[in-house]
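To start, the structure itself, in structure tokens.
The values are calculated or read from the model by the stated rules, or taken from the named source; none is laboratory data. Just so you know, these numbers come straight off a predicted model, no measurement behind them. Cβ coordinates were reconstructed from backbone atoms using ideal geometry, including for glycine residues, and neighbour counts include every protein chain displayed.
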């Protein structure tokens, strides 16, 4: 089938499938909408971790060993910063640092986050459209047994040790959706909306917390298909499994699907996991969802698109 695809994603896991979709589709047929709830100001710089993870994946710059940041990174800045007694809890590689400096400089001159992201895409040779969910600030905050923490304090500084009790997305209720995001979702030829295998709590739900985006997805006639970030009862990368357990949820793809009730039409679980009990309005599919190689990313993207197309066909 032909038509436009809109992908919602966060960091590392979502970025892999976003890369697969970019390989599977023509550039003009894909819009990638990225979570900005993780964004924060550090050392006077505007840091956008999920946006950068997506850009690095699309540009072939991701570090395959660490799983985050740029490949072939050097750390002179952090070594000198630490020697001066500076805040070194958030690791900024030398190449990564340039992204934050460039973003901060352009923002200080009046550019929007969307404009900065488009400029970075052009510089990196990325031809698909990558958009922040909003140009307005939305910030993920985590209520833990240690009190309320900003997301990066919880995730990096505290290394996810505190027990999670609740998430809020400060600013989401008044944030305006990035206009091109709404335009992409409202196109008459939308083929599918894909929710990438990102953490549902802190990567996808911040996007869905922007009211205009949630409404546009719910009103879309295109099939909405999510891919599980959970395989075999645990998350492949990141704290999604830990968060689910601490919130009293079953650590499974089926539980993630329930988080998306009212949003999705289809859900892809891993082929090694059992088929979940039926959920109203959701069709479950099975596929190999682990993306260890570039070929895995392309294969899963193609399979997810095929499954979305099958939903569209069945609704005709």
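For the subset of the range 28-67 comprising residues that are in a loop (DSSP other than H, G, I, E, B) and within 13 Å of the chain's Cα centre (by Cα), which member is nearest to residue 18 (Cα to Cα)?
If we take residues in the range 28-67 being in a loop (DSSP other than H, G, I, E, B) and within 13 Å of the chain's Cα centre (by Cα), then 35 is nearest to residue 18 (Cα to Cα).
Within the bounds of the range 215-229, is there any residue that is in a loop (DSSP other than H, G, I, E, B), closer than 19 Å to residue 12 by Cβ and either under 18 Å from the mean Cα position of the chain (by Cα) or touching a residue at least 40 places away in the same chain (Cβ under 8 Å) (or both)?
Among the residues of the range 215-229, at least one is in a loop (DSSP other than H, G, I, E, B), closer than 19 Å to residue 12 by Cβ and either under 18 Å from the mean Cα position of the chain (by Cα) or touching a residue at least 40 places away in the same chain (Cβ under 8 Å) (or both), which makes the answer yes.
For the range 246-264, filtering for residues that are out of contact with any strand residue (DSSP E or B) (no Cβ under 9 Å at 6 or more places or on another chain) and either free of Cβ contacts under 8 Å to residues at least 24 places away in the same chain or farther than 17 Å from residue 208 by Cα (or both) leaves 3. With respect to the conditions (1) closer than 25 Å to residue 159 by Cα; (2) in contact with a helix residue (DSSP H, G or I) (Cβ under 7 Å, 6 or more places away or on another chain); (3) surrounded by fewer than 24 Cβ atoms within 10 Å (Cβ to Cβ), residue 23 lacks only one, and its number is (1).
Yes or no: residue 300 assigned to a helix (DSSP H, G or I), in contact (Cβ under 8 Å) with a residue 60 or more places away in the chain, closer than 24 Å to residue 208 by Cα and more than 23 Å from the chain's Cα centre (by Cα)? So residue 300 does not fit the description; no. Selection of first residues in the range 268-293 that are at positive phi and assigned to a loop (DSSP other than H, G, I, E, B) and of second residues that are at pLDDT 85 or above and surrounded by 14 or more Cβ atoms within 10 Å (Cβ to Cβ), restricted to Cβ pairs under 9 Å at least 6 apart or on distinct chains, gives the following pairs, ordered by first then second residue: 281/264; 281/265. Residue pairs whose Cβ atoms lie under 8 Å apart, sitting 6 or more positions apart in sequence or on different chains, and linking a residue in the range 109-130 that is assigned to a loop (DSSP other than H, G, I, E, B) to a partner that is surrounded by fewer than 17 Cβ atoms within 10 Å (Cβ to Cβ), are 111/119; 125/59; 126/59; 127/27; 128/27. Within the range 178-214, the set of residues being buried (at least 24 other Cβ atoms within 10 Å of the Cβ) and not in a helix (DSSP H, G or I) comprises 178, 192, 193, 194, 195, 196, 197, 198, 199, 210.
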